[in-house]
Amino acid sequence: MAAPEPTSGTSPLVQPDLPLPSANTSPRYDPQKVTVVYILGGPGSGKGTQSEYLVRDYGFVHLSAGDLLRAEQDNENSQYGQLIKDYIKDGLIVPMEITVNLLSNAIEDKLGSDGTGKFLVDGFPRKLDQALFFEQSVCVSKCTLFLDCPEDVMRERLLNRGKTSGRSDDNEESIIKRFRTFVETSMPVVDLFEKEGRVITVSAVGSVGEVYEGVVGGLASKGIAPTNK
Ligand code: UP5
Ligand code: MG
């Protein structure tokens, strides 16, 4: 489908002083001042869980693309609410302009007064067009943490969470669709960054603490050390 064009209105997507990023310009943020680390992995691999520890120990600002989309979906003033709802339930990737704009606005909001910031971008980019568009128009990322997890482990975690999460996509039918989208659409992003030598792959099997040990070790191998310990 054609990506909807943001128009004027009360949606937080639309900020008059912050135009939609254009792929024709250089990135809005200088990677010397703004650090972007992506955390990717299949649905239920533990991106959100590991992000909490990374925020605590490394001083990252956590930006979950899924959380931003769910907030936008629940915003009654948004013109994209129903569209986002449908895409998430079907495990499909929301048109990139919406997600990139939400992320770009969130980065702008959280920048320090000196224009610097350290962002952990969770669950994005999950489609090649998003990856290229974000890197060209917003900021070139430093690296990607990839949580490698078998589907049976992810399925069990998601169904377990689904008992209480209230998420419209934590059910057997949506989970199957999310897994398919992940393999067909999102893995090519990881493969692209991998070819560029910019991926840290960590096993996401085991306890939360065991996975985090792998995450810390992986970041250390790229020269990224904890700041808050
Ligand atoms: N848990 C975590 N780690 C564990 C461990 N080591 N041992 C045992 N249990 C563990 O964890 C999931 C569950 O597992 C939790 O109950 C946790 O306690 C437990 P969590 O940390 O939440 O995993 P996470 O990988 O974050 O899972 P999530 O469900 O959030 O992943 P998704 O990638 O599916 O969800 P997201 O919110 O990123 O995206 C949702 C949808 O939004 C997408 O399907 C898509 O439709 C849309 N979207 C876009 O369109 N574009 C985008 O760019 C991003 C999203
Ligand atoms: Mg998550």
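Is there a residue being more than 8 Å from ligand 1 (Cβ to nearest atom) and without any contact (Cβ under 8 Å) to a residue 40 or more places away in the chain anywhere in the range 85-93?
yes
Out of (1) more than 20 Å from Leu68 (Cα to Cα); (2) out of contact with any Phe, Trp or Tyr (no Cβ under 7 Å at 6 or more places or on another chain), what's the single condition that is false for Phe134?
Going through the list (1) more than 20 Å from Leu68 (Cα to Cα); (2) out of contact with any Phe, Trp or Tyr (no Cβ under 7 Å at 6 or more places or on another chain), Phe134 breaks only (1).
Which one is surrounded by the most Cβ atoms within 10 Å (Cβ to Cβ), of the residues in the range 212-229 that are within 16 Å of Asp122 (Cα to Cα) and not hydroxyl-bearing (Ser, Thr, Tyr)?
Initial filter on the range 212-229 (within 16 Å of Asp122 (Cα to Cα)): 212, 215, 219.
Within this subset, residues satisfying the condition of being not hydroxyl-bearing (Ser, Thr, Tyr) are 215, 219.
Numbers: Val215: 24, Leu219: 20.
My answer is Val215.
Taking the range 186-220, which residues are in contact (Cβ under 8 Å) with a residue 60 or more places away in the chain and over 20 Å from Gly48 (Cα atoms)?
Just the residues of the range 186-220 that are in contact (Cβ under 8 Å) with a residue 60 or more places away in the chain, to begin with: 186, 188-190, 192-193, 204, 208, 211-212, 215-216, 218-219.
Matches in the range 186-220: Pro188, Leu192, Phe193.
Consider Val140 carefully, then state whether it is closer than 23 Å to Glu194 by Cβ and in contact with a Pro (Cβ under 8 Å, 6 or more places away or on another chain).
So Val140 passes the test.
Can you give me the number of residues within the range 51-69 that are more than 7 Å from ligand 1 (Cβ to nearest atom) and either touching a helix residue (DSSP H, G or I) at 6+ places or on another chain (Cβ under 7 Å) or not polar (S, T, N, Q) (or both)?
Qualifying residue count for the region: 13.
Identify, from the list Thr185, Thr164, the residue that is modelled with pLDDT of 95 or more, farther than 21 Å from Leu120 by Cβ, surrounded by 12 or more Cβ atoms within 10 Å (Cβ to Cβ) and β-branched (Val, Ile, Thr).
When all the criteria are applied, what remains is Thr185.
The values are calculated or read from the model by the stated rules, or taken from the named source; none is laboratory data. This is a predicted model, so every value here is computed, not measured. Counting neighbours? That spans all protein chains shown, and the Cβs are built from the backbone with ideal geometry, glycine included.
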